[in-house]
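Here is the structure we will look at, set down as structure tokens.
The values are calculated or read from the model by the stated rules, or taken from the named source; none is laboratory data. Computed from a predicted structure; not experimentally measured. Cβ placement follows ideal geometry from the backbone for every residue including glycine, while neighbour counts extend to all protein chains displayed. For accessibility, only protein heavy atoms count, side chains too; no ligands or nucleic acids. Shrake-Rupley method; radii C 1.70, N 1.55, O 1.52, S 1.80 Å.
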Amino acid sequence: IIGADYTRETLEALGSKMPGLPLLQFNLAQCPLPDAAVDAAVLLNVLEHIEHDDLAVSQLYRILKPGGIMVAEVPAGPDLFDGYDAHLMHHRRYDMAGLEKLVRNAGFDIVTRSHLGFLIYPAFWATKKLNRLRGEAATRAKVKQQITGSNKASGLLGPLMHIEDTLRRHIYLPFGIRALITCRKPYRQVG
């Protein structure tokens, strides 16, 4: 297991919490790891920060061993992109069709796909629309407060996410605040 990030601050924070974990700093679109060196890659809140996400996904395909798995979670809803996203240095929010196309173009097979935050989406949608009305300065202040403050989640959030997890095992959740996709590099390349 290794940890990787583009920012030194993130790696330093992780290193202080997990001192035995090897950490690497690099730009995923220019990944220095060798071909077919990794069994699995988990990307949580990564691809939206990379301007050329197609290059990053191609690098992931390259470094994964045949049969290797990639799990990616990204913000969903391109129409919900707002000042909050810009302040967090997001280049985009994704729709599932675009995310599927991105990973398939790199050569991956899709194993599973769904959304997270399906049950809280209406409140999230309203908040994103309000952010646009508030203006950029107010949104920036809100982002700073949420990042630096004690951002306590609602007591209802845990049970809702449990219900959603149960639903996701049986049905495809067609929208949500996050898109989640699991892909596999084929064991043998065709052609």
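Surface exposure of the chain, expressed per residue as accessible area with a 1.4 Å probe, stands at 60 Å². In plain terms, the chain from Arg132 to Lys17 could stretch by 37.8 nm, reckoned as 0.36 nm per residue minus the Cα-Cα distance.
Within the set (1) 10.3; (2) 12.2; (3) 14.6, the number that mean projected area of the Cα convex hull in nm² takes when calculated for this structure is listed as (2). Per-residue accessible area (protein heavy atoms, 1.4 Å probe) orders Met18, Met70, Met89, Met161 as Met89, Met18, Met161, Met70, starting from the largest.
Based on DSSP H segments of at least four residues, each scored -39500 (n - 2.57), the chain has a per-residue ellipticity at 222 nm of -12000 deg cm²/dmol.
One Cα centroid belongs to region 29-57, the other to region 81-105; the line between them spans 15 Å. Taking Pro32, Pro22, Pro78 in turn, the Gaussian network model of the chain (Cα-Cα springs below 10 Å) assigns the largest fluctuation to Pro22.
With a cut-off of 9 Å between beta carbons, the residues surrounding Phe118 carry a summed charge of 0, where Lys and Arg count +1 and Asp and Glu -1.
Over all other residues within a Cβ to Cβ distance under 14 Å of Val46, the charged ones net out to -3, with Lys and Arg as +1 and Asp and Glu as -1.
Ranking Val57, Val71, Val42 by solvent-accessible area of protein heavy atoms (1.4 Å probe, all protein chains present), from largest to smallest, gives Val42, Val71, Val57.
Computed over neighbours whose Cβ is under 12 Å from that of Gly3, the net charge equals -1, Lys and Arg +1, Asp and Glu -1. Normalised by the number of residues in the chain, the mean separation of alpha-carbon contacts (under 8 Å, six or more apart) gives a relative contact order of 26 percent. Axis angle, to the nearest 10 degrees, between helix 8-17 and the longest C-alpha principal axis of the chain: 90 degrees. Could you calculate the FRET efficiency of Phe175 with Ile2 from 1/(1 + (r/R0)^6), where r is the beta carbon distance between them and R0 is 22 Å, rounded to 0.05? After rounding to 0.05, the efficiency reads 0.05.
Evaluated over the chain, the count of Lys pairs having alpha-carbon atoms less than 26 Å apart is 14 (only pairs 8 or more residues apart or interchain). Protein heavy-atom surface of the chain, 1.4 angstrom probe: 58% of the accessible area is carbon and sulfur, with nucleic acids and ligands not counted.
Could you tell me which of Ala138, Ala56, Met161 has its Cα farthest along the dipole of the chain towards the positive end, charges placed at Cβ (Lys, Arg +1; Asp, Glu -1), taken about the Cα centre? Of the candidates, Met161 comes out farthest on the positive side. Only beta bridges with both residues in the chain are counted; by DSSP, about 60 percent of them are antiparallel.
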